[in-house]
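The values are calculated or read from the model by the stated rules, or taken from the named source; none is laboratory data. Computed from a predicted structure; not experimentally measured. Neighbour counts run over all protein chains shown; Cβ positions are idealised from the backbone, glycine included. SASA here: full protein model, heavy atoms, side chains in, ligands and nucleic acids out. Shrake-Rupley method; radii C 1.70, N 1.55, O 1.52, S 1.80 Å.
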Amino acid sequence: MAFISSGYNPDKPMEGRITDIGPRNFEEFYPPVIKKNKGQWDYHEIVKPGVLKHVALSGDTVYTVRVGAARLMSVTHIREICEIADKHCGGHLRFTTRNNVEFMVETEAAANALVADLETRKFPGGSYKFPVGGTGACVSNIVHTQGYVHCHTPATDASGPVKAVMDEMFSYFQSMTLPAMVRISLACCLNMCGAVHCSDIGIVGIHRKPPIVEHDRLDNICEVPLAVSACPTGAIKPTKVEVDGKKLNSVAVNASRCMYCGNCYTMCPSLPLSDQEGDGVIIMVGGKVSNRISMPKFSKVAVAFIPNEPPRWPTLAKVVKKIIEVYAAEANKYERLGDWAERIGWESFFEKCELDFTHHLIDDFRDPAYFTWRQSTNFNF
Amino acid sequence: MAKHQTPLLDQLETGPWPSFVSDIKQEAAHRAANPDGLDYQVPVDCPDDLLGVLELSFKDKETHWKHGGIVGVFGYGGGVIGRYCDQPEMFPGVAHFHTVRLAQPSGKYYTSEYLRGVMDIWDLRGSGLTNMHGSTGDIVLLGTTTPQLEEIFYDVTHKMNTDLGGSGGNLRTPADCLGQSRCEFACYDTQDLCHTLTNDYQDELHRPAFPYKFKFKFDGCPNGCVASIARSDFSVIGTWKDDIRIDQDRVKAYVAGEFKPGGGSHSGRDWGKFDIVKEVVDRCPTGCMSYDGAKLAIDNSNCTRCMHCINTMPAAVKIGTETGASILVGAKAPILDGAQMSSLLVPFVVVEQPYDEIKEVIENIWDWWMEEGKNRERVGETMKRLSFQKLLEVTNTKAMPQHVVEPRSNPYIFFKEEEVPGGFAHDEKAYRQRHMR
């Protein structure tokens, strides 16, 4: 490999340097029909699953074909997306917050031709490259984090369980049969880069073992006070240890106070806590960010632990499917998963979804815990 | 012939959902074939080695990426995340595998020409793998080596007119919904506000000066498609102050079945004929609607703008015309003191260029948080530690009932000394004249 210079001169880093320019201006990228009708849209319809029709006050229409995607994408795949955009959409496209891709055309005939083209494109293993769906009362794409692909603190993978769960959810992605939209999110540790704590279904990687303490190097690579103050439960204290006859500064972890959040590891690389047996996922349910009908709400833990089962996380996929199927059968039209669980009562939710209620599910973290206990004699048997 | 055997990952190639494994393999094959005759600037087989290290993680059920690594470009304190493999001899192609975050355009609209330009740079100087997009919103370029960082920065700024995104104790790359560009619900131009603030705060985005990360997100309406209320320290959510607009002829058309409820959002199942009373009037959370068989009426003074009627009959029921936004502050994920959603600070603000009123709120919050925030404390945690009253004080906001769901149920009230006649000092002598010891 011969080094190819971009033009950057390391001896004169400021020469011709361009900084602080931010992103490209969005207006450069609008399809013409969007540019013309911005702020003047009248209403929309969902013509069929994955195909939106927006009608402008001018009478113009734009048809949007939404396709699912793995957010981990190659250059080759993105070039194929570009080729599709060139072929059907005058070179325009957009991505959604939930990692879907949207292709926009101006007529229903063009939308149908586009859908037909997209549906023929598959990877050699048989999976769709561009599955059309993700609109209306469906399970849309899962927003997720990096997992084993690129993260140093995960308690589970992200792309693997997402693929496994979406394979199970595929018919719900491509149809609009649910009582309301279902938003699934996955975070591979409690740092929650994806902030999944307000999702209908939140899948979250957790650890279950307190950190290893590498006494022999801790004081060389960590600031002991930072490691101590990183702990939200006060489980870490400074201590002196003897290693090979030498007195070293280190920390001691009170295992019974540790809730395995991993914040100490973020501050100190000598406190790793990932573990084959200890790590796995929890399932949280019933959160939402929309203000529709009811206020936004946090997801609640419904399953306290499922082990990591690569490559296809079968237990996780099965439990998620069960919850969605019961919800689909029982909830009223427009009722989000959390609203349904609150209406029937959480005791009924656990019974109907055939989930064990264990002591892990009772909050014991700080003051808000009290407000989740029941100060009433009103409940269901 | 694959470089590594990946029997576990191979099982993720079947099933209908797009397989990231197939896609990485596709990229590995592309680089091996090298149809464009590139002189790849990072190991040609890094996609193979990424599959290898991922297979090992699937076997071990543990990650194989090391903790940290401080790398970046000259003059910036963010935008690049250092990443090193903990089995570099087994997987030399990904031994150094840093992430580069690029600032995405507001609304995530692209042209193929632009994306191809970015991909050409990444094909030559990176792994050929990306995330479209990261959780915060950036274009994430996944995996390159340290010597390529300045070259990539030079290329993206000079050729693509694009900057890096945020990381660390910075303003993170702001993100928005597509807003008025293609949505009739949008109450303000999310894209313009997002783009303007991103550019106005480039210094805060590139040079760490905050206690911790700070995120802006912009939702055009209370449906919250970009989830700002859960995912951003500073959440701007579109709303309106005047009456919901009703087109009574179109209401009749919905009742008659000429328009599909929800635009057809529930059409995959037979829910029966659309029943406006059952599905709209009775589902209104404030009970402020009525339908007499001919006319839909809304008592707007009791409406809380939940969007249900508008979502269900988008052609007939529309947001008002006196539009703007609510500002909520302090959302964060569980680390450290539990998850938080943003809390309402400014019930209504007009959203118009040059956005000075919004910027004043932002800068007042930053001044306070940079002064009082502890290391790695999100502003939501500072609010909890120092009180919502303090946030009101530093943003010159008057307390109002809209700020709370309900008033406090404990009597432990802090009064300011000037609020008490005579201040906090007692007349001890007079007291003891009234009360013998």
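Here are a few things to note about the model shown:
- Among the residues making up the range A:84-112, those that are among the charged types (D, E, K, R) and not in a helix (DSSP H, G or I) are A:Arg94, A:Arg98, A:Glu102, A:Glu106.
- Filtered residue count, the range B:344-375, keeping only those that are over 22 Å from B:Thr304 (Cβ atoms) and either open to solvent by less than 100 Å² (accessible area, probe 1.4 Å) or assigned to a helix (DSSP H, G or I) (or both): 20
- Residues that are among the acidic types (Asp, Glu) and open to solvent by 10 Å² or more (accessible area, probe 1.4 Å) were ranked within the range A:88-117; the one that is nearest to the chain's Cα centre (by Cα) is A:Asp117.
- Selection from the range B:198-208 of residues that are modelled with pLDDT of 95 or more and surrounded by fewer than 24 Cβ atoms within 10 Å (Cβ to Cβ): B:Asn199, B:Asp200, B:Tyr201, B:Gln202, B:Asp203, B:Glu204, B:Arg207
- Of the residues making up the range A:316-359, those that are hydroxyl-bearing (Ser, Thr, Tyr) and part of a helix (DSSP H, G or I) number 2.
- Here the range B:59-110 is the region considered, the condition is being assigned to a loop (DSSP other than H, G, I, E, B) and aromatic (Phe, Trp, Tyr), and the residue that is farthest from A:Ala158 (Cα to Cα) is B:Phe74.
- Out of A:Gly7, A:Gly68, A:Gly16, A:Gly39, one residue alone is small (Gly, Ala, Ser) and crowded, with 22+ Cβ neighbours inside 10 Å. It is A:Gly68.
- Contact annotation: residue pairs with Cβ atoms under 6 Å, 6 or more positions apart or on different chains, pairing a residue in the range B:175-186 that is surrounded by 24 or more Cβ atoms within 10 Å (Cβ to Cβ) with a partner that is β-branched (Val, Ile, Thr) and outside any loop (DSSP other than H, G, I, E, B), are B:Asp176/B:Thr190; B:Cys177/B:Thr190; B:Gly179/B:Thr190; B:Ser181/A:Ile34; B:Arg182/A:Ile34.
The rows are residues; the columns are (1) of a type outside the set (Phe, Trp, Tyr); (2) more than 8 Å from chain A (Cβ to nearest Cβ).
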| site | (1), (2) |
| --- | --- |
| B:Trp122 | no, no |
| B:Asn161 | yes, no |
| B:Ser181 | yes, no |
| B:Tyr188 | no, yes |
| B:Asp200 | yes, yes |
| B:Lys215 | yes, yes |
| B:Gly220 | yes, yes |
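- The condition of being within 7 Å of chain B (Cβ to nearest Cβ) and either open to solvent by less than 10 Å² (accessible area, probe 1.4 Å) or not in a loop (DSSP other than H, G, I, E, B) (or both) holds for A:His77.
- For the condition closer than 24 Å to A:Gly134 by Cβ, polar (S, T, N, Q) and under 34 Å from the mean Cα position of the chain (by Cα), B:Ser267 qualifies.
- Test: residue in the range A:112-119 that is more than 7 Å from chain B (Cβ to nearest Cβ), of a type in the set (A, V, I, L, M) and out of contact with any Lys or Arg (no Cβ under 9 Å at 6 or more places or on another chain): yes
- The residue of the range A:124-148 that is least open to solvent (accessible area, probe 1.4 Å), among those that are closer than 21 Å to B:Thr136 by Cβ and of a type in the set (A, V, I, L, M, F, W, C), is A:Ile142.
- Wholly enclosed strands (runs of 3 or more DSSP E) of the range B:277-337 bearing at least 3 residues open to solvent by 30 Å² or more (accessible area, probe 1.4 Å) and within 11 Å of chain A (Cβ to nearest Cβ): none
- Scan of the range B:262-276 for residues that are more than 7 Å from chain A (Cβ to nearest Cβ) and not in a helix (DSSP H, G or I), ordered by number: B:Asp270, B:Gly272, B:Lys273, B:Phe274, B:Asp275
- Among the residues making up the range B:118-159, a single one is surrounded by 24 or more Cβ atoms within 10 Å (Cβ to Cβ), among the charged types (D, E, K, R) and out of contact with any Asp or Glu (no Cβ under 8 Å at 6 or more places or on another chain): B:Asp138.
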